[in-house]
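To keep things clear, I will list the structure first and then write my remarks on it.
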Protein chains: 2
Amino acid sequence: MDRLHAAQIADAVNSGQTSALAVVEDVIARLAEYDEVQPQAWISRAEAETLRARARDIDAQVKAGTHLPLAGVPFAVKDNIDAIGFDTTAGCPDYAYAATSNATVVQKALDAGAILVGKTNLDQFATGLNGSRSPYGAPRCVFNRAYVSGGSSSGSAVTTAAGLVAFAFGTDTAGSGRVPAAFNHLTGYKPTKGRWSTTGLVPACRTLDCISVFTEDPKDAALVDSVVGGYDAKDEYSRDLPPVARPVRRIGVASQLNWCGDIHSEYLYARALERLIGMGFEVVEIDLAPLSAAAALLYSGPWVAERTAAIADFLKASPASIDSTVRQIVEGGLTVTGVETFDGHYKLAGYKRYAEELWDDIDILMLPTAPTIYRVKEMQASPLALNANLGLYTNFVNLLDMAAVAVPAGFRPNGTGFGITFIGSAATDNALLDFASQWNGHNAYARPDYDLTQESRMDTIKLSVVG
Amino acid sequence: MDRLHAAQIADAVNSGQTSALAVVEDVIARLAEYDEVQPQAWISRAEAETLRARARDIDAQVKAGTHLPLAGVPFAVKDNIDAIGFDTTAGCPDYAYAATSNATVVQKALDAGAILVGKTNLDQFATGLNGSRSPYGAPRCVFNRAYVSGGSSSGSAVTTAAGLVAFAFGTDTAGSGRVPAAFNHLTGYKPTKGRWSTTGLVPACRTLDCISVFTEDPKDAALVDSVVGGYDAKDEYSRDLPPVARPVRRIGVASQLNWCGDIHSEYLYARALERLIGMGFEVVEIDLAPLSAAAALLYSGPWVAERTAAIADFLKASPASIDSTVRQIVEGGLTVTGVETFDGHYKLAGYKRYAEELWDDIDILMLPTAPTIYRVKEMQASPLALNANLGLYTNFVNLLDMAAVAVPAGFRPNGTGFGITFIGSAATDNALLDFASQWNGHNAYARPDYDLTQESRMDTIKLSVVG
């Protein structure tokens, strides 16, 4: 399956090479085809006729001379983000409400000519990094459906990776916009906190939540950023962040990494590191321990209470409506005390100081996006421990006020994607996206076939890593 | 009693007009005199011989050609701030420990040639705005000892107001560096959070605490600021804050004020406002309600748990060692939940947004420093409610990331001081101090006699407000 490129589509529609209607007809055909494979990637979807009407409207605007930066670009929205015409479920049917306005980022994308295809599946209340915690079914890795898609933005990653949309909004509190990018060979861009408005988002941890985007490459992510970013007075956590220039010369890498036993990840990471050195960058070893200690505050510390705060009324009124694993996590926050919460803030202030000083020695940090991947069955058997492993290299990023771009870095022999993430200090987003583009331009990986069988393929695909 | 001026003393010592030793001999005589009146202003003090030795050392440095910005300037330190040679008690004898290093601000003042006279009394653990919550006795208003001195930096205000030192460090979490300035006719400068290091401070609410200073006028406060301010990598809440220029033209005032029945405060405030208008400034009415709502988070909301966190171990080990009113407040934080704490942060984010937008309409905010003053006896009879009244116009300032300078604005007929506070957005400290100097230069108030009798004077002093 070929993937869709936002910039290419917008250029083609704006220049009249193609029409938004033609793009939409193609998307409708793709949707029908992939509905045979993973219908659970979606929670709700626009009618074909609605898509066509919208495309005709875009075509009329373009014909009238309006340049639309996302003209005719099909996109999807994670179902914890409001979009008029759809319920927002947050992955929980009993929680659902009809959206009465568009989230700011959705509105901006629409204003720029993008076409909203539908709302995507997620780990309920965006709690999880694997994708299996949803009553709407578990989306799976597009290359091998025995494996998890990654989450919590599971459906957004799958719909983008399957070529059904050119970009999809996810959210990213602990890595939800990056882990599924790795597994499905996508770019996952998580802006600096406050760079994109979160107005219209069901909160997970409100002080940490970011809306993110999945795209085929970092250039498309930069295009979406240029359209949907910016200060929003309606969002109390929005920030007016002047871009920080940060030419990349020194790349920080962890002096020790835990691969959770995955030798394929370890090999692919070593290859990626070799390539970066080959590209002429200086590699600086750093101690990851303080960042990992910060990460522990999120699921083993007071920030669990922030997840509880997000749905406290619903948890009280309808506990049985909540996925049992999600409920177990969220109920954990009920016993956190205020004293512990302030103590957690003090600890975090210490880790932040360490992180700030890091940027004196390095320009960006490069880490594996996730150390390994698990089968859906494995994940269901051990939902907390295995999920925690997936977040080893993503959990600390928002707590420590960093931006991140996850990029592909090869495939395991079983066909699942492996990725690395470039992480920068607050407001270095432009520099990070440029750097990620440079990486992508130098490193093409031969993509294995998509897994389109009804039976998940076995774990035996042979694939040589190319590049 | 004449007061001491930091800049004048430093100039005189640096230029050889006087010596640090002569300054110290004068201070020793003043101390002896005021010890007959309010010895409880101090918790501990340097020996006379220690002061003389220190003065000789300063004189030698000056003679050797070293210019010291605070040469020979006597100062005091609130006893929740570490200074080598003294115990730090935080107003609680059982909590006391011998300081093994100087707080950063103390070290900087000493490096600049200032002479540390002693450690001052305070509301225990800096919890209170009145000054009566200390086992070391209740310091009282220097003009009428029937009345509270204001707190929690009670001793620092009294020692400065009584002319025993030229400046004294206080601390200010909820108004502790401003309320006592008002009652004792002083300048009380509370820097923007993070502008002055808090290394070496016993925390009250660690995310909000500021070290502050009492001086005779705003110019002396600016001098101390220039010496002790600046980023400190050891303090996790220190901030690298480029000064924000803010020429003052529009002054925000509250559309409604609660005077707690004090018609004298109301009159003096009206006079101050008239004078500001007379000085050519534009007055803009603002709604104080969102700021007051933010203030409620401090003592009626989750931030109480931050006070609990500050002394949690001590509270558990030695509850009987804690002042009963202070203990009642601090124990209140034990029942605050993590969920409530995060909810409090969300509310605060909303109030912050309101506050940020205020600065589009006004350059500074002018409020009474405190609505009224109480007798020590009244305060002891109703320690929580009356204390809360004192903080009506100070409590929100640190929560909303503002800087403040309290300045004198006259005297009540009973001799106690009334003050107003100029409040600015973060990092506008220089502009605020300049403005406060301008105010002081235009407004001299005839000071009533000091209350030096052993019996507190009656409430019948007649004093005409001049100026």
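No lab work stands behind these numbers, since they all come straight from the coordinates. This is a predicted model, so every value here is computed, not measured. Note that each Cβ is placed from the backbone with ideal geometry, even for glycine, and that neighbours are counted across all protein chains shown.
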How big is the charge dipole of chain B about its Cα centre, in debye rounded to the nearest 20, if each Lys and Arg gets +1 on its Cβ and each Asp and Glu gets -1 on its Cβ? 300 debye
Per the 1/(1 + (r/R0)^6) rule, R0 = 22 Å and r from the Cβ atoms of A:Glu25 and A:Gln61, FRET efficiency to 0.05 is 0.75
Please compute the contact order of chain A in relative form: average sequence separation of alpha-carbon pairs under 8 Å and at least six residues apart, divided by the residue count, as a percent. 17 percent
In this structure, among B:Lys190/B:Lys219; B:Lys108/B:Lys234; A:Lys78/A:Lys190; A:Lys347/B:Lys347, pairs with alpha-carbon gaps over 19 Å are A:Lys347/B:Lys347
Protection-proxy order for peptides B:408-419, A:351-362, each taking the mean of Cβ atoms within 10 Å per residue, highest first: B:408-419, A:351-362
Can you compute the equivalent ellipsoid semi-axes for the range B:332-404, i.e. the square root of 5 times each eigenvalue of the Cα gyration tensor, sorted largest first and rounded to whole Å? 27, 22, 7
With a point put 7 Å past each Cα toward its Cβ, work out how far B:Ile263 is from B:Glu285 in nm, to one decimal. 2.3 nm
State, to one decimal in nm and shortest first, how far the label point of B:Asp35 sits from each corresponding label point in the other identical copies (label point: 7 angstrom along Cα-to-Cβ). 9.3
A correct Kirkwood calculation over the Cα atoms of the range A:298-440 returns a hydrodynamic radius in Å of 17.5 Å
Net dipole in debye of the protein assembly as shown [+1 Lys, Arg Cβ; -1 Asp, Glu Cβ; about Cα centre; nearest 20]: 220 debye
How large is the Rg to Rh ratio of the range A:1-49 when both quantities use alpha carbon positions and Rh follows Kirkwood? 1.02
Calculated from DSSP helices alone, with each H run of at least 4 adding -39500 (n - 2.57) and the total divided by the residues of chain A, [θ]222 nm to the nearest 500 comes to -11500 deg cm²/dmol
Between the alpha carbon centres of the range A:19-47 and the range B:163-180 the gap in Å comes to 68 Å
Only bridges whose two residues both fall in the protein assembly as shown count here: according to DSSP, what percent of them are antiparallel, nearest 5? 70 percent
Other copies of B:Glu274: label-to-label distances in nm, shortest first, labels 7 Å along the beta-carbon direction: 8.6
For peptide A:199-207, the mean count of other chain Cβ atoms within 10 Å per residue Cβ is 1
Cα Rg, Dmax, the range B:231-281, angstrom units: 18.0, 47
For the range B:1-117, treating each Cα as an identical point scatterer without solvent, what Debye log10 I(q)/I(0) comes out at q = 0.12, 0.15, 0.22 1/Å? -0.44, -0.68, -1.27
Check: C-alpha center the range A:244-269 vs C-alpha center the range A:291-313, spacing in Å is 25 Å
Once you have the Kirkwood Rh of the range B:167-326 from its Cα pairs, apply Stokes-Einstein at 37 °C and 0.692 mPa s and quote D in µm²/s. 178 µm²/s
Using +1 on the beta carbon of Lys and Arg, -1 on that of Asp and Glu, and nothing else charged, what's the dipole of the range A:72-157 about the Cα centre, debye to 20? 300 debye
Give the residue from A:Ser154, A:Ala272, A:Thr416 lying farthest towards the positive end of the charge dipole for chain A; charges sit on Cβ (+1 for Lys and Arg, -1 for Asp and Glu) and the dipole is referred to the Cα centre. A:Thr416
Does the range B:357-455 come out rounded, prolate or oblate by the C-alpha gyration tensor, with a ≥ b ≥ c the root eigenvalues, rounded set by a/c under 1.5 and, if not, prolate when a/b is larger than b/c and oblate if not? oblate
Once both labels are modelled 7 Å past Cα along the beta-carbon direction, what's the A:Ser324-B:Gln256 spacing in nm? 5.4 nm
Please give the average number of partner chain Cβ atoms lying within 10 Å of the Cβ of each residue in B:341-354, rounded to a whole number. 5
Among A:150-160, A:269-279, the order from most to least packed when residues are scored by Cβ within 10 Å on average: A:150-160, A:269-279
D (Stokes-Einstein, µm²/s), Kirkwood Cα radius, the range A:245-348, 0.890 mPa s at 25 °C: 143 µm²/s
Which residue of chain B is nearest the rotation axis onto chain A, counting by its Cβ, and what is the distance in whole Å? B:Thr341, 2
For the range A:303-431, what is the relative contact order in percent, using Cα pairs closer than 8 Å and at least 6 residues apart in sequence? 23 percent
With Rg from the Cα atoms and Rh as the Kirkwood inverse mean 1/r over Cα pairs, chain A has an Rg/Rh of 0.94
What are the nm distances, shortest first, from B:Gly230 to its equivalents in the other copies, labels at 7 Å along Cα→Cβ? 4.1
Ratio for the protein assembly as shown, C-alpha Rg to 2.2 N^0.38 Å, reads 1.07
For q = 0.20 Å⁻¹, Debye-computed log10 I/I(0) when each Cα of the range B:81-240 counts as one equal scatterer: -1.33
Using a 10 Å cut-off around each Cβ of peptide A:440-451, what is the average number of partner chain Cβ atoms that fall inside? 0
Evaluated over the range A:161-206, the Cα radius of gyration and Dmax, each in Å: 11.5, 31
For a quick protection proxy, order the peptides A:122-129, B:394-401, A:335-342 by their average other-Cβ count within 10 Å, most packed first. A:122-129, B:394-401, A:335-342
